[in-house]
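Enquirer: The structure that follows is given in the form of structure tokens.
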Amino acid sequence: MPGLLVSIRRSLLVLVFAPCATLRAQQPAPIDWNKLRDETVQVLADYLRINTTNPPGNELQTALYLKRILDREGIPAQILDTAELKPAGRANLYARFKGNGTKKAIALVHHMDVVPSDVKYWSVDPFAGSIKDGYVWGRGALDMKGEGIAHLMAMIALKRSGVPLNRDIVFIANADEELDGAGAITFVERHPDLLKDVEYLITEGGDNKFENGKLAYYGVGIAEKRTFWQHVTVHGTPSHGSRPTNKNPVPRLVAALDRIAKYETPLHVTPGVDKYFRDISRGYAGDEKQWLSNVSVALNNPAARAWILSDVYWNAILRNTISLTGLHGSNKTNVIPAEASADIDIRLLPDADPKEFLATLQGVVADTAVQFSQLLEAKAPLESPIETEFFHAIERAAHDRDPNAFVTTPMLTGATDRPSYRKLGIVTYGFDPFKVEVADAQRGVHGNDERLSIENVGFGVHYLYDVLRYAQGTRVTP
Ligand SMILES: [Zn+2]
């Protein structure tokens, strides 16, 4: 990585505003936000140049990169779990910038791995760290190296400016979120001591809705669906397809799947989802506004119900969902197979009981020859409280920027590493400091030409800096 050290050195030249220590303790030093933005862009571009496509991950290289920066800034950092994470070349990173310890810590968590990229669909090399047309381009710019570098630079800015901190700032970079979540799982298992004083944690899983240059809302993820994937199998007797038999497992499986496909899961409104609908209702008029402002009541009205459930996202946050996905029977047209099976993608609401749901599903199928086996262990449920100092800090920093904007709580239908941390009792939020155009996010996240605007880099670092500052509580003057 020849460009790497050169540009870190270049970025360090920018940091020449640190006043003497005594003065700094009393009065926060002013930050040159344009310089910080430009420095952050360079740090992000270099980070994107390190290829951490998972598999295999290779996150030790990104961990070393982050550690070099933290060392230089005087923030103690450790590279962890290199022996436990497989295959070789993987790591988690942990750093802590200490405050005065009067309140509990805040953790900023991101994953260093990225999903594969198909170069032929990209207009730039996904690992070149290109900076052009006002954007930083590369796999991971949005998911989630961009957020990781915003975490890093906001923490560094707090240190450089000497803002007095009541809460330590913990910085964690994990391996392997995109496949098995082994990085976060290993970290939580092996180092609960490093997390025991952490009260709040932010990571991916909250999206600000920004469309055609207009902000609809700031979104904080307080809850996510739980994956509860099932493999369904029917056994039979293999024979020749020319002589049909009732021992063929395929029609029996198909009948079971048909019953599952026709089954409508009950609707259920969780507190965060209720708030989300109430919040967004202000953007609607007439009946729609009224329905959204009390969605539990509206779901009893057939017209309202049909309209609400026609939105695939709204439907998914109001119920446990079932998608029939994989299907396996014979691989030869003339052979009745010994076994037929299907994979089912089930996503449960945070307060649903997996055992109870499975029993319901078995009742729907009503055929004991159909066997269910769980493909993944269901993660811990995630639903974090809203009335907290940290949530209010986000609201305050958001209102500074957009006085008319509201902060709401859309539920994530996908999965993140948050449940691994939530298990320890940490209040865990999905928080994205950027205002990414919906079209950019749809194209780039796990897609092609992933990019983050330079303007957003500057916006995000400043926004997060303010959130962290406000979350220190009343003893810190803004
Ligand atoms: Zn991600």
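The values are calculated or read from the model by the stated rules, or taken from the named source; none is laboratory data. Please read these numbers as outputs of a predicted model, since none were measured by experiment. Methodologically, a virtual Cβ is constructed for each residue, glycine included, from the backbone with ideal geometry; neighbour enumeration extends over all protein chains shown.
Enquirer: Do you know which residues across the range 202-237 are of a type in the set (A, V, I, L, M, F, W, C) and either touching a Pro at 6+ places or on another chain (Cβ under 8 Å) or free of Cβ contacts under 8 Å to residues at least 24 places away in the same chain (or both)?
Expert: Of everything in the range 202-237, those that are of a type in the set (A, V, I, L, M, F, W, C) and either touching a Pro at 6+ places or on another chain (Cβ under 8 Å) or free of Cβ contacts under 8 Å to residues at least 24 places away in the same chain (or both) turn out to be ILE222, ALA223, PHE228, VAL234.
Enquirer: Residues that are free of Cβ contacts under 8 Å to residues at least 60 places away in the same chain and at negative phi: does the range 87-99 have at least one?
Expert: Checking the range 87-99: at least one residue is free of Cβ contacts under 8 Å to residues at least 60 places away in the same chain and at negative phi.
Residues are listed down the side, and each one gets a yes or a no for (1) out of contact with any Asp or Glu (no Cβ under 6 Å at 6 or more places or on another chain); (2) crowded, with 19+ Cβ neighbours inside 10 Å; (3) of a type in the set (D, E, K, R); (4) closer than 17 Å to THR265 by Cβ:
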site: ASN334; (1), (2), (3), (4): yes, no, no, no
site: PRO337; (1), (2), (3), (4): yes, yes, no, no
site: ASP345; (1), (2), (3), (4): yes, no, yes, yes
site: ASP353; (1), (2), (3), (4): yes, no, yes, yes
site: ALA359; (1), (2), (3), (4): yes, no, no, yes
site: PHE372; (1), (2), (3), (4): yes, no, no, yes
site: LEU375; (1), (2), (3), (4): yes, no, no, no
site: LEU382; (1), (2), (3), (4): no, yes, no, no
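Enquirer: Do the conditions hold for ASP274, that is, is it of a type outside the set (Gly, Ala, Ser) and within 23 Å of the chain's Cα centre (by Cα)?
Expert: Here the answer is yes, as ASP274 does meet what is asked.
Enquirer: Looking at the range 41-123, what strands (runs of 3 or more DSSP E) fall wholly within it and have at least 2 residues that are among the aromatic types (Phe, Trp, Tyr)?
Expert: 92-97
Enquirer: Let me ask you something else. Looking at (1) crowded, with 19+ Cβ neighbours inside 10 Å; (2) modelled with pLDDT under 95; (3) among the β-branched types (Val, Ile, Thr), find the lone condition where VAL467 falls short.
Expert: (2)
Enquirer: Quick one: in the range 165-177, of everything that is buried (at least 21 other Cβ atoms within 10 Å of the Cβ) and not in a strand (DSSP E or B), which residue is farthest from the ligand (Cβ to nearest atom)?
Expert: LEU165
Enquirer: What are the residues in the range 418-471 that are under 17 Å from THR203 (Cβ atoms), β-branched (Val, Ile, Thr) and touching a strand residue (DSSP E or B) at 6+ places or on another chain (Cβ under 8 Å), if any?
Expert: Residues satisfying the conditions are ILE426, VAL427, THR428, VAL436, VAL467.
Enquirer: So the check is Cβ under 6 Å with 6+ separation or different chains; which pairs have a first residue in the range 102-123 that's modelled with pLDDT under 95 and a second one that's within 16 Å of the ligand (Cβ to nearest atom) and part of a strand (DSSP E or B)?
Expert: none
Enquirer: Would a scan of the range 146-164 turn up a residue that is away from the ligand (no atom under 13 Å from the Cβ), part of a helix (DSSP H, G or I) and among the charged types (D, E, K, R)?
Expert: The answer is yes, given that some residue of the range 146-164 is away from the ligand (no atom under 13 Å from the Cβ), part of a helix (DSSP H, G or I) and among the charged types (D, E, K, R).
Enquirer: Here is a follow-up. When you look at THR413, is it farther than 25 Å from LYS355 by Cβ and polar (S, T, N, Q), yes or no?
Expert: Against the criterion (farther than 25 Å from LYS355 by Cβ and polar (S, T, N, Q)), THR413 does not qualify.
Enquirer: Considering only the range 377-413, how many residues are closer than 21 Å to ALA216 by Cα and either within 16 Å of the ligand (Cβ to nearest atom) or not in a helix (DSSP H, G or I) (or both)?
Expert: Looking only at that region, the number is 13.
Enquirer: Do you know which residues across the range 423-478 are of a type in the set (S, T, N, Q) and either in contact with a Ser or Thr (Cβ under 8 Å, 6 or more places away or on another chain) or more than 16 Å from the ligand (Cβ to nearest atom) (or both)?
Expert: Matches in the range 423-478: THR428, ASN448, SER453, ASN456, GLN472, THR474, THR477.
Enquirer: Quick one: in the range 113-141, which of the residues that are more than 11 Å from LEU48 (Cβ to Cβ) and among the hydrophobic types (A, V, I, L, M, F, W, C) is surrounded by the fewest Cβ atoms within 10 Å (Cβ to Cβ)?
Expert: The selected residue is VAL119.
Enquirer: Right, another one. Which numbered condition trips up HIS231, out of (1) in contact with a Ser or Thr (Cβ under 6 Å, 6 or more places away or on another chain); (2) not in a strand (DSSP E or B)?
Expert: (2)
Enquirer: Additional query: In the range 175-201, what residues are under 27 Å from GLY129 (Cα atoms) and in contact with a Leu (Cβ under 8 Å, 6 or more places away or on another chain)?
Expert: Hits for the range 175-201 are ALA175, ASP176, ALA182, GLY183.
Enquirer: Which count do you get for residues in the range 130-141 that are closer than 17 Å to ARG37 by Cβ and touching a strand residue (DSSP E or B) at 6+ places or on another chain (Cβ under 7 Å)?
Expert: Selection size over the range 130-141: 5.
Enquirer: Taking the residues in the range 71-94 that are buried (at least 16 other Cβ atoms within 10 Å of the Cβ) and over 15 Å from ALA175 (Cα atoms) as candidates, determine which candidate is nearest to the ligand (Cβ to nearest atom).
Expert: Looking at residues that are buried (at least 16 other Cβ atoms within 10 Å of the Cβ) and over 15 Å from ALA175 (Cα atoms), I get ALA77.
Enquirer: With the requirement that a residue be out of contact with any Phe, Trp or Tyr (no Cβ under 7 Å at 6 or more places or on another chain) and assigned to a helix (DSSP H, G or I), what does the range 308-318 give you?
Expert: If the condition is that a residue be out of contact with any Phe, Trp or Tyr (no Cβ under 7 Å at 6 or more places or on another chain) and assigned to a helix (DSSP H, G or I), then LEU309, VAL312, TYR313, TRP314, ASN315, ALA316, ILE317 are the ones that fit.
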